[in-house]
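For reference, the structure discussed in these notes is given below.
The values are calculated or read from the model by the stated rules, or taken from the named source; none is laboratory data. All figures in this text were calculated on a predicted structure; none of them were measured in a lab. Here the Cβ is made from the backbone with ideal geometry for all residues, glycine too, and neighbour counts use every protein chain on show.
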Ligand code: GTP
Ligand code: MG
């Protein structure tokens, strides 16, 4: 008998290959999408110059000080025009208090630079806020916060950077995409009851370490250390900040057996956080996996209307990797959480219809 030019594909296989095609196309598009949004070399150079200039000025007040970047400028998750988070460390024993420094530095910067300066000496963490108007070389200007002695933030920045280094393509693409998506969908604003970028990054890492099976990332805080560690070296303000940070060595010894594409991980991320995460009782901890609100004393006490504030604080719980008594999602309100979960569901719905990749991305990030 004459054979057909193409063997008929059984339904299931055709389905599987259509799915393959969809996720491959979407992975490629996600990658291209985030590459376009990375900062230009010029922007990075200007920001580094700004950091050096500010460091020089601060040293006229505190000669033994260093000004270090943290947050997205330092962890590999920075997008074009993201703000600069700077932390001033002072190595001398006798130093001014953070609020005094904020006031003095505020005055100095006002006199000596073109920045708009806003000192906040009485904030929970005293900072100086700076901004620079847009110019031809810097079309979006610069926004910068300078804090003092925030060593935990420097360490959590390093932890996130190490996670990004283990699997740069998948981790960075996912994180950067979710940052853009959450900003465009207006659910990235702790001031308005939704979640900070830092919170979203922790959700991604939690998902890759504890939800995916096999995991995409190891748990850097639970790997056995290669050499003895002493408490003085690893504790900051009573918090254990140790994690396995020799990523070269790690990559020689450990390799994820999870081979899913970025698109598959993204689809599953949205599915997990729209359907499966226990918002009412669970705490996402990248250090320890899924914890119970009860075990941390973080339950929503819905019976007592008196403690309105504490009730609102623990709607959504994400444990800080080092400050384990700190809920990174404490600013998320009831309405904020409703909005965030709604967005996870919306994204899941869009992806379930398997539109063409570019259509999917523009629908997902529609403003
Ligand atoms: P974009 O500014 O949106 O680009 O994101 P980002 O990656 O800089 O994150 P974000 O501005 O949310 O946070 C910057 C850094 O501040 C984080 O990397 C943390 O080091 C620190 N940080 C932010 N929020 C918290 C928090 O609630 N607790 C602690 N301990 N650190 C925080
Ligand atoms: Mg930032």
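Every condition in (1) within 16 Å of ligand 2 (Cβ to nearest atom); (2) loosely packed, with under 15 Cβ neighbours inside 10 Å; (3) in a strand (DSSP E or B) is met by residue 44 except one, and the failing one is (3). In this structure, residue 195 does satisfy being more than 22 Å from residue 261 (Cβ to Cβ), crowded, with 19+ Cβ neighbours inside 10 Å, within 16 Å of ligand 2 (Cβ to nearest atom) and within 16 Å of the chain's Cα centre (by Cα). Considering only residues that are farther than 21 Å from residue 288 by Cα and assigned to a helix (DSSP H, G or I), which ones fall in the range 222-237? Result: 232, 233. The listed residues are 118, 129, and the only one of them that is within 16 Å of ligand 1 (Cβ to nearest atom), out of contact with any helix residue (DSSP H, G or I) (no Cβ under 7 Å at 6 or more places or on another chain) and at pLDDT 95 or above turns out to be 129.
Here residue 78 fulfils each of the conditions (1) over 22 Å from residue 123 (Cβ atoms); (2) within 24 Å of the chain's Cα centre (by Cα); (3) in a helix (DSSP H, G or I) apart from (3).
Applying the set (1) more than 26 Å from residue 46 (Cβ to Cβ); (2) within 16 Å of ligand 2 (Cβ to nearest atom) to residue 157 leaves exactly one unmet item: (1). The set of residues in the range 188-218 that are outside any helix (DSSP H, G or I) and away from ligand 1 (no atom under 12 Å from the Cβ) comprises 193, 212, 213, 214, 215, 216, 217, 218.
Is one or more of the residues making up the range 53-67 more than 10 Å from ligand 2 (Cβ to nearest atom), buried (at least 17 other Cβ atoms within 10 Å of the Cβ) and within 23 Å of the chain's Cα centre (by Cα)? Yes. Residue 101 falls short of the stated requirement of being more than 30 Å from the chain's Cα centre (by Cα), farther than 29 Å from residue 165 by Cα and part of a helix (DSSP H, G or I). The condition of being surrounded by 17 or more Cβ atoms within 10 Å (Cβ to Cβ) and not assigned by TED's automatic domain parsing to the domain that holds residue 77 holds for only one of 173, 234, that being 173.
Identify all residues within the range 160-170 that are within 14 Å of ligand 2 (Cβ to nearest atom) and either buried (at least 20 other Cβ atoms within 10 Å of the Cβ) or closer than 30 Å to residue 104 by Cα (or both); write none if there are none. Break it down stepwise before answering.
Step one: list which residues in the range 160-170 are within 14 Å of ligand 2 (Cβ to nearest atom), which gives 160-161.
Answer for the range 160-170, where residues must be within 14 Å of ligand 2 (Cβ to nearest atom) and either buried (at least 20 other Cβ atoms within 10 Å of the Cβ) or closer than 30 Å to residue 104 by Cα (or both): just 160.
Of all residues assigned to the range 128-150, none qualifies as being more than 16 Å from ligand 2 (Cβ to nearest atom), within 30 Å of residue 254 (Cβ to Cβ) and surrounded by 15 or more Cβ atoms within 10 Å (Cβ to Cβ). crowded, with 18+ Cβ neighbours inside 10 Å, in a helix (DSSP H, G or I) and within 25 Å of the chain's Cα centre (by Cα): does that describe residue 27? Spelling it out, residue 27 is indeed crowded, with 18+ Cβ neighbours inside 10 Å, in a helix (DSSP H, G or I) and within 25 Å of the chain's Cα centre (by Cα). Evaluation of residue 303 against the conditions (1) surrounded by fewer than 16 Cβ atoms within 10 Å (Cβ to Cβ); (2) modelled with pLDDT of 95 or more; (3) out of contact with any strand residue (DSSP E or B) (no Cβ under 8 Å at 6 or more places or on another chain); (4) farther than 30 Å from residue 32 by Cβ shows that the sole unmet condition is (2).
When you scan the range 182-192, how many residues do you find that are away from ligand 2 (no atom under 16 Å from the Cβ) and either buried (at least 21 other Cβ atoms within 10 Å of the Cβ) or closer than 23 Å to residue 124 by Cα (or both)?
Going through the range 182-192 one residue at a time, the tally reaches 2.
Only one of the numbered conditions (1) more than 15 Å from residue 83 (Cα to Cα); (2) buried (at least 19 other Cβ atoms within 10 Å of the Cβ) is not met by residue 157, and that is (1). Screening residue 110 on (1) in contact (Cβ under 8 Å) with a residue 24 or more places away in the chain; (2) more than 22 Å from the chain's Cα centre (by Cα) shows it passes everything except condition (1).
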